[in-house]
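Here's the structure we're looking at; comments come further down.
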Amino acid sequence: MLNKQIITIITVSFLWIAGAQIAFAKKPAGGGGGNHMQRGIELAQQKHFDAAVAEFTKAIEANPNDARGYANRGTAYRQGARTAIAAGDQEGASTRYQSALADFSKYVELAPKDASAYLERAATEIELKQYDAAVTDLNKALELKPDDINANKFRGFAELGLSQWDKAVADFTAVIQKKPDDLQNYDRRALAYRGLKNYDAAIADYNFLLSKNPNDVEALTKRGYTYSLALQYEKAIPDYEAALKINPQDNDTFQRLQYAQSMLAKRNASPPAAASPSPTPTPEKPSLISLINPLYVGIGIVALIIIAVIVRFLTRGKAEETSNIIR
């Protein structure tokens with residue numbers, strides 16, 4: 001359950017960030033591809049991503065050494081991949097993601113000192129669940145631009161995917177220190193704390209989120225789940241009930257509520273009465289016959305035979321006494 005939640009949270013979080021603003025590079029100052037670059041940007045902003053790719057391709061053909069052409073086309077490919085996922089076209093999404101990865105790699109090749117090149121490639125690698133590669137790219141981005149908050153944040157996402165909880169906590173904490181109003185970082189840090197089984201710290205982050213919005217259904221259900229992991233079912237139940245009051249159709253939360261209620265009932269159930277100890281049987285007195293040892297009987301018989309033989313030997317040859325009475 002935890003792994004599934006991590007993957008879902010990383011994907012949704014990243015789409016939320018990346019979807020909030022599409023950072024297309026501006027058109028170059030001059031060159032034959034400038035018009036195509038501008039047209040591609042306009043099409044991408046209108047969410048016509050395939051058409052934008054075509055325009056960026058023309059810009060690249062006119063100026064193949066302009067890193068911005070690859071950056072823009074890679075971004076359009078990535079946005080097109082997300083659109084394909086939403087439409088259920090997994091094959092189309094996979095093809096576009098691979099094309100985006102290739103374009104961002106070319107971006108890195110042409111602009112190796114540009115932190116954004118590594119950041120964009122890492123962002124795509126995260127969506128492809130290539131977390132190790134993403135961490136490597138984000139480390140390079142932070143080496144080139146240590147104060148890049150997005151690089152810390154994306155690295156935190158990758159570390160969540162790798163179950164590197166302590167590192168994720170450190171990255172999200174760094175982002176919170178620089179940007180305390182970005183509430184999403186508290187939610188992600190809470191997840192990392194939960195992976196570390198530091199439930200109190202996770203609950204503190206959820207408490208903060210709920211102090212900002214008491215009707216935050218996700219924060220309520222996640223805090224309830226964290227209470228359940230900490231075996232504090234009596235606290236989990238009110239959170240689940242509050243979440244269901246806002247969203248009664250949430251079947252997952254309903255099932256978790258039932259589980260918490262059953263576990264609490266089991267804990268509070270009266271312990272079973274102790275069974276009466278069985279009486280210890282009184283040992284029977286041995287009978288006289290059982291005390292007669294066969295060995296002793298045999299020895300006694302042999303002794304009697306020996307005595308009889310000795311008596312017989314002593315009396316052999318003696319004249320028998322006769323009576324003086326004449327008969």
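The values are calculated or read from the model by the stated rules, or taken from the named source; none is laboratory data. Quantities reported herein were computed from a predicted structural model and do not represent experimental measurements. Because the Cβ atoms are built from the backbone with ideal geometry, glycine has one as well, and the counts that use them run over all protein chains shown. Note: accessible area is taken over every heavy atom of the protein model, side chains too, but ligands, DNA and RNA are not part of it. Shrake-Rupley method; radii C 1.70, N 1.55, O 1.52, S 1.80 Å.
Here are a few things to note about the model shown:
- Annotation: aspartates and glutamates with alpha-carbon distance below 14 angstrom to LYS167 (same-chain offsets under eight excluded): ASP132, GLU159.
- Taking the charge dipole of segment 122-277 about its Cα centre, with +1 at Lys and Arg Cβ atoms and -1 at Asp and Glu Cβ atoms, the residue from LEU257, VAL217, LEU144 reaching farthest to the positive side is LEU257.
- Largest-first ordering by accessible area, 1.4 Å probe, given options ASP114, ASP132: ASP132, ASP114
- If R0 is taken as 30 Å, the Cβ-Cβ distance between ALA204 and GLN261 corresponds to a FRET efficiency of 0.75.
- Rounded Å value of the spacing that divides the Cα centres of segment 39-102 and segment 186-259: 39
- Cα-based shape type of segment 90-193, given that a ≥ b ≥ c are square roots of the gyration tensor eigenvalues and the cut on a/c is 1.5: oblate
- Prolate/oblate/rounded label for segment 133-180 (Cα gyration tensor, a/c 1.5): oblate
- Loop-located trypsin sites (Lys or Arg not before Pro) in segment 179-225 (DSSP state other than H, G, I, E, B) with a sparse environment of at most 13 neighbouring Cβ atoms within 10 Å: LYS197.
- Violating pairs (Cα-Cα greater than 20 angstrom) within the set LYS222/LYS245; LYS179/LYS235; LYS58/LYS145: LYS179/LYS235; LYS58/LYS145
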